[in-house]
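Please read the structure below before turning to the comments.
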Ligand SMILES: [Zn+2]
Ligand SMILES: [Zn+2]
């Protein structure tokens, strides 16, 4: 069976979008310990100051800022990883320099923070199908970067799925891109990165058919998977417990499908 007792993407109060004083690294670790997890990570939002071109929002969230979590609290039962969620803006612009990957146990890379127009995406995109097509293109670009892929987890690799199955525009775009998607998943699998299961998505019944279909294609392409809550406050830490098993069952994951970053 696929073990869902882990959470490799969560935010402490150091992330500007959390800013919740209760969301400490100790709270993240305590939850993991109480729930029998074997692996947990804190991955605050990050833009490395050595990479030019931070947005105003990212600028204060540099390595010095998120390193205030260090040293992480320890536990005998759970391994606690120091990570970050950086940003990919297209055009090979990644918010973490290759040299500084060494500072982290795990690096979460999102390709689809498409709520940041003019920074992450062109402002004129609006439909789910357009966003999905851009996400596939971003995977292709990203896969050409020379980075330590074995510690990279791709964040929410499937956010852009419709709320229901009957979206003719998405259906059309999806079938046009299906082969390209399979090829890029194969390449990413070979590079050794992990595909994230952002468990909250599996709470939404309407999204399930598309999510399941897309994740099954990833699995068929050889990808490995990890679960996360992407919690920004303590109240969301239980998302993996709530929906992780459902996700694993829908996709048909087995023990061999689990991804962990290199060294863990
Ligand atoms: Zn994200
Ligand atoms: Zn996040």
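The values are calculated or read from the model by the stated rules, or taken from the named source; none is laboratory data. Remember, predicted model here, so these are calculated numbers, not experimental data. When we count neighbours, we look across all protein chains shown, and the Cβ atoms used for this are built from the backbone with ideal geometry, even at glycine.
Quick notes on this structure:
- Condition check for residue 206: at positive phi, touching a residue at least 12 places away in the same chain (Cβ under 8 Å) and either in contact with a helix residue (DSSP H, G or I) (Cβ under 7 Å, 6 or more places away or on another chain) or surrounded by fewer than 22 Cβ atoms within 10 Å (Cβ to Cβ) (or both): no
- Flag for residue 164 being closer than 23 Å to residue 229 by Cα and over 18 Å from the mean Cα position of the chain (by Cα): yes
- Check on residue 114, within 16 Å of ligand 2 (Cβ to nearest atom), under 21 Å from the mean Cα position of the chain (by Cα), crowded, with 17+ Cβ neighbours inside 10 Å and at pLDDT below 95: yes
- Cβ pairs under 7 Å, 6+ apart, first in region 7-32 and more than 20 Å from residue 56 (Cα to Cα), second in a helix (DSSP H, G or I) and within 16 Å of ligand 1 (Cβ to nearest atom): 7/240
- Counting the residues of region 90-104 that are assigned to a loop (DSSP other than H, G, I, E, B) and away from ligand 2 (no atom under 16 Å from the Cβ) gives 5.
Yes/no matrix, rows are residues, columns are (1) part of a loop (DSSP other than H, G, I, E, B); (2) within 16 Å of ligand 2 (Cβ to nearest atom); (3) crowded, with 21+ Cβ neighbours inside 10 Å; (4) at pLDDT 95 or above:
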| position | (1), (2), (3), (4) |
| --- | --- |
| 26 | no, no, no, yes |
| 60 | yes, no, no, yes |
| 73 | yes, no, no, yes |
| 82 | no, yes, no, yes |
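- Qualifying residue in region 118-129 (condition: assigned to a loop (DSSP other than H, G, I, E, B) and under 22 Å from residue 264 (Cβ atoms)): no
- Positions within region 1-23 being more than 16 Å from ligand 1 (Cβ to nearest atom) and touching a helix residue (DSSP H, G or I) at 6+ places or on another chain (Cβ under 9 Å), in sequence order: 1, 2, 3, 4, 5, 6, 20, 22
- So residue 157, is it surrounded by 14 or more Cβ atoms within 10 Å (Cβ to Cβ), touching a helix residue (DSSP H, G or I) at 6+ places or on another chain (Cβ under 9 Å), in contact (Cβ under 8 Å) with a residue 40 or more places away in the chain and more than 19 Å from residue 90 (Cβ to Cβ): no
- The number of residues in region 217-236 being away from ligand 1 (no atom under 16 Å from the Cβ), under 30 Å from residue 21 (Cα atoms) and touching a helix residue (DSSP H, G or I) at 6+ places or on another chain (Cβ under 9 Å) comes to 1.
- Restricting attention to region 183-200 and to residues that are without any contact (Cβ under 8 Å) to a residue 60 or more places away in the chain and out of contact with any helix residue (DSSP H, G or I) (no Cβ under 6 Å at 6 or more places or on another chain), the residue that is nearest to residue 154 (Cα to Cα) turns out to be 188.
- Filter pass, residue 92 being in contact (Cβ under 8 Å) with a residue 24 or more places away in the chain, away from ligand 1 (no atom under 16 Å from the Cβ) and more than 24 Å from residue 169 (Cα to Cα): yes
- Residue in region 109-128 that is free of Cβ contacts under 8 Å to residues at least 24 places away in the same chain and touching a helix residue (DSSP H, G or I) at 6+ places or on another chain (Cβ under 7 Å) present: yes
- Which listed residue, of 109, 184, is within 16 Å of ligand 2 (Cβ to nearest atom), crowded, with 17+ Cβ neighbours inside 10 Å and within 17 Å of residue 224 (Cα to Cα): 109
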